[in-house]
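Below: one structure, written as structure tokens.
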Amino acid sequence: MGWVERPLAGTESVTPAELYEQGKRLREKTPVTLHDHAVAAADRPTPEQYFAATNAGRLPELVQLRRERMLASPFTFFRGAAGLMGADLAGTPSSGVTAQLCGDAHAANFGLYGTPEGKIVMDINDFDETVPGPWEWDLKRLAASLVLAGREGGIGESGCREAAEDAVKSYRRTIRALAELPFLRSWNALPDSSVLSKARADELIDDFADAAGKARKNTSAKVAAKWTERVDDHETGLSRHRFVEDPPVLTHVSEETAEAVATGLTSYVDTLRESRRTLITRYRLADVAFRVVGMGSVGLRSYVALLHGNDDEDLVLQVKQAQPAALAPYLGLPPAAHEGRRIVDGARLVQAETDILLGWTTIGGVPFIVRQFRNLKGDLNPAELDKNHLDDYGRLAGALLARAHTRSLHPKLLSGYFAEDSELDEVLGAYAVRYADRTEADHAAFARS
């Protein structure tokens, strides 16, 4: 009997060509026109009901701050309401192709960060809501967010819609391009500055360069220099750095809390990949403080830990509470065994390069993630871009989202679903405008409540 090709993992053998044809058949079952559906579910909670429900597990004293940040604009409200959009998307038409979702793929959740070699790349940078689900959900959230960001930045309606449509077009084109590449090349494609030309986002070259320059200066050493002071320990005769309070954003914690965080960091070490465990254990924990963070994360327990390394070296870690994913109830997903591990596993799967110190732990029975704080991180604010640049930003974000999704779904399958058609661009552009209108109404209702 002659040799027969077979898959390495023992799964059913399907060729790339067969996957492409499967995708075309999925399109026949779920035409792209069905994605221009109603924007609000009949049984959705009111904005106030959603806000109240999602305050569970948060610190009561920070609930008002969360409200104030969400009230700032419709775009900031949208950023803090991923689960509300999940309620609206539940049961909507889907191609049936599942990806590991960012879960909150709004335009401000794409940022710059450094690889272990110090190279600056741009990618999805927030995975608090990551779960497996329909790829359409991430793309629809991105498109709607671009309309809202453009409106906040004073861009006309045609420019906002064009940015949303171009994000979808770039997503399609990138999926199709990656589907034609050798597997290793598509898997290892790094989203560095070269992605700008590939995504036809050349107007962002200067913006990217400026943001990358700022990211290179964003180091633990800079945080330590700005946020800490040197104190002498008279008992040991040694000195160490200690965080300087800046309430309400940065505050000291009790000795009991500091000890609990220290214990949590000890168990966190075992969640790192083996090659990094020896590295992190060379550091010494010097101080712990509480720091208010984010938009959707306001009110969660979040600490910064200051570690001393070689000579005057400082390392700052963020230890952040991990909540259940906002989309999980609307996808019928069971509770995660550990919400911190869910986030870390999702990030490791989706990101081109993941923080080498990303891990998880449990403190006082509450799940947390641990990662480097601000190290080589930067961003481009989509709400501050002019018309030409927002359009390019949409193309860039669409390309980055497509690359991220192909880590968990086969690009040949989705390429078949897209085929040669471009109708999806206008369909999701129309949906994005209507969902932005819905969000503005939600924001107004929230302000009145």
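Among GLY299, HIS241, THR92, whose Cα sits farthest toward the positive end of the charge dipole of the chain (+1 at Cβ of Lys/Arg, -1 at Cβ of Asp/Glu, about the Cα centre)?
THR92
Let a ≥ b ≥ c be the square roots of the eigenvalues of the Cα gyration tensor of the stretch 217-372; is it rounded (a/c under 1.5), or, if not, prolate (a/b larger than b/c) or oblate?
prolate
Could you tell me how many cubic angstrom of Cα convex hull volume the stretch 1-138 has per residue?
With only Cα atoms used, the stretch 1-138 gives 215 Å³ per residue.
Hey, what angle do you get for helix 157-179 against the long axis of the chain, alpha-carbon based, 0 to 90 degrees rounded to 10?
Once rounded, one gets 80 degrees.
Can you tell me which of GLN100, GLN22, GLN323 moves the most in a GNM of the chain? Springs connect C-alpha atoms under 10 Å apart.
Of the options given, GLN22 has the highest mean-square fluctuation.
Under 21 Å from the Cα of LYS217, which lysines turn up, not counting those fewer than eight places away in the same chain?
Result set, ordered by chain and number: LYS119, LYS226, LYS377.
I'd like the projected area of the chain, averaged over all directions, using the convex hull of its alpha carbons. Report it in nm² with one decimal.
Mean projected area of the Cα convex hull: 23.7 nm².
Rounded if a/c is under 1.5, else prolate if a/b beats b/c, else oblate: with a ≥ b ≥ c from the C-alpha gyration tensor eigenvalues square-rooted, which is the stretch 138-203?
It comes out prolate by the Cα gyration axes.
Show me the GluC sites (Glu not before Pro) within the stretch 118-189 that DSSP assigns to loop and that have at most 15 other Cβ atoms within 10 Å of their Cβ.
GLU180
Mean separation of Cα pairs under 8 Å and 6+ residues apart, divided by the residue count of the chain: what relative contact order is that in percent?
30 percent
For the stretch 79-91, just list the computed ³J(HN,Hα) in residue order, Karplus coefficients 6.51, -1.76 and 1.60, θ = phi - 60°, integers in Hz, with x standing in for Gly and Pro.
4, x, 10, 4, x, 5, 5, x, 4, 6, 8, 4, x
Please label the shape of the stretch 390-430 as rounded, prolate or oblate, based on the square roots a ≥ b ≥ c of the eigenvalues of the alpha-carbon gyration tensor (a/c under 1.5 means rounded; beyond that, a/b larger than b/c means prolate, else oblate).
Oblate.
Could you name the lysines in cross-link range of LYS29, using Cα to Cα under 29 Å and dropping any fewer than eight places away on the same chain?
LYS140, LYS169, LYS412
On a C-alpha basis, how far is the centre of the stretch 69-130 from the centre of the stretch 341-356 in Å? Whole number, if you could?
14 Å
Which of the listed residues, PHE51, LEU331, LEU8, is farthest toward the dipole's positive end in the chain, when Lys, Arg count +1 and Asp, Glu count -1 at the beta-carbon?
LEU8
For the stretch 215-293, treating each Cα as an identical point scatterer without solvent, what Debye log10 I(q)/I(0) comes out at q = 0.12, 0.16 1/Å?
-0.45, -0.81
Give the distance, in whole Å, between the Cα centre of the stretch 199-278 and the Cα centre of the stretch 4-56.
38 Å
The numbers here are math on the coordinates, done by the rules we state, and not lab data. Everything numeric here is computed off the predicted structure, so don't read it as measured data. All Cβ positions, even for glycine, are placed from backbone atoms using ideal geometry, and neighbour counts span all protein chains on display.
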